[in-house]
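Asker: So that we are looking at the same thing, I have put the structure below in structure tokens.
The values are calculated or read from the model by the stated rules, or taken from the named source; none is laboratory data. Note that the structure is a prediction, hence the values are computed from the model and not measured. Backbone-built Cβ (ideal geometry, glycine too); neighbour counts: all protein chains shown. When the accessible area is computed, the model is the full protein with side chains, heavy atoms only, and any ligands, DNA or RNA have been set aside. Shrake-Rupley method; radii C 1.70, N 1.55, O 1.52, S 1.80 Å.
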Amino acid sequence: MRRESWQDNITQVVIYVILVVISLIVIVPILYTISVSLTPYADTLKRGGVILWPTNITFEYYGYVFNENSPVPRAYLITGIVTVIGTAISLLITAFTAYPLSKRYLPGRNGIMWIFFFTMLFGGGLIPTYLVIRSLGLINTLWALMIPSAMSVYNMIIMRTFFSGIPDSLEESAKLDGANDITILFRIVLPLSMPVLATLGLFYAVGKWNMFFDALIYINDRSKYTLQVVLREILLMSQLTELIPERASALPPQLPLQMATTMVAVIPMLCLYPFLQRYFVQGVMIGAIKG
């Protein structure tokens, strides 16, 4: 084996230093958010507002977010429904679109792809989109949060690239056994596409979970508010302490409440990612290399 030269050693050291710096950039804000949300505000002030490890742990601020009159539990349910059903619909529509477009013998394949690509560059705008959704009767329904954003063209291109890498011989063998295209898609193509399905599923799930603007525009019923809209209201209420001093005693300090609401919003996605991590890198790299 070739002995490592001093240049190789220096290169490794530089790479490790860069990785450590990047890791700290990611980890420190998370530790700060967790620590401030779990530490009494008085202790945070004593330490100059810079705290990376909680002291005298308290769940007071989380209790305010989840108090008995809080809309957060229901918003969690609504957001969970939108995320699960919306992600399933998005993956299904993306697969149904990507599979035929991955076949070179599809008539007009290039023209159809140009139409999809055009939508990545130009959109109808907010007002026409709102008018279309209203004319479809989707205003103030959860479908307004799932149907209009059901498919991402970028994700469809990644899935199409993955599908095109599956050997044609598998599909030809299935057709000889009497399988049709739907059977081939669900029993052969999709089971072989777990990396890209998990990757795009994570993309869609994060987008649905963090959906804010669409919910703010299309949902008027407070009982159907998503988590992000409800958390925004909580943060706005906490800011009243600066505008209405007499209400300061009834509301917790703004900074730890902001940190608590932030953790409430991100914890589900943080828990989901480790289960999909082993598929994530593989799915993205395959789409990138073959694209």
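Asker: Say we look at the range 67-87 and pick out the residues that are among the aliphatic types (A, V, I, L, M) and surrounded by 14 or more Cβ atoms within 10 Å (Cβ to Cβ); which of these is nearest to the chain's Cα centre (by Cα)?
Answerer: Of everything passing the filter in the range 67-87, Val82 is nearest to the chain's Cα centre (by Cα).
Asker: Got a sec? Which of Asp214, Asp168 is more than 16 Å from the chain's Cα centre (by Cα) and open to solvent by 10 Å² or more (accessible area, probe 1.4 Å)?
Answerer: Result: Asp168 is the single residue among Asp214, Asp168 that is more than 16 Å from the chain's Cα centre (by Cα) and open to solvent by 10 Å² or more (accessible area, probe 1.4 Å).
Asker: Consider Leu138 carefully, then state whether it is open to solvent by less than 60 Å² (accessible area, probe 1.4 Å), in the same structural domain as Thr79 (by TED's automatic domain parsing) and within 16 Å of Phe212 (Cα to Cα).
Answerer: When the stated conditions are applied, Leu138 does not pass them.
Asker: Listed residues Ser90, Ser149; which is assigned to a loop (DSSP other than H, G, I, E, B) and either on the phi < 0 side of the Ramachandran plot or more than 22 Å from the chain's Cα centre (by Cα) (or both)?
Answerer: Answer to the selection: Ser149.
Asker: Considering Leu270, Leu197, Leu227, Leu202, which residue is open to solvent by 50 Å² or more (accessible area, probe 1.4 Å) and either modelled with pLDDT of 85 or more or hydrophobic (A, V, I, L, M, F, W, C) (or both)?
Answerer: After ruling out the rest, the residue left standing is Leu270.
Asker: How many residues are over 27 Å from the mean Cα position of the chain (by Cα) and of a type outside the set (Asp, Glu) if we restrict to the range 171-197?
Answerer: The qualifying residues number 12.
Asker: Just one of Leu131, Leu106 is at pLDDT below 90 and in the same structural domain as Cys271 (by TED's automatic domain parsing); which is it?
Answerer: The unique qualifying residue is Leu106.
Asker: Among the listed residues Tyr64, Tyr32, Tyr41, which satisfies the condition of being of a type outside the set (Asp, Glu), surrounded by 11 or more Cβ atoms within 10 Å (Cβ to Cβ), in contact (Cβ under 8 Å) with a residue 12 or more places away in the chain and assigned by TED's automatic domain parsing to the domain that holds Leu270?
Answerer: Selected residue: Tyr64, the only one of Tyr64, Tyr32, Tyr41 that is of a type outside the set (Asp, Glu), surrounded by 11 or more Cβ atoms within 10 Å (Cβ to Cβ), in contact (Cβ under 8 Å) with a residue 12 or more places away in the chain and assigned by TED's automatic domain parsing to the domain that holds Leu270.
Asker: Moving on. Check Ile22, Ile51, Ile10 and return the single one that is farther than 28 Å from Thr199 by Cα, over 21 Å from the mean Cα position of the chain (by Cα) and surrounded by fewer than 12 Cβ atoms within 10 Å (Cβ to Cβ).
Answerer: One residue alone meets the criteria, Ile10.
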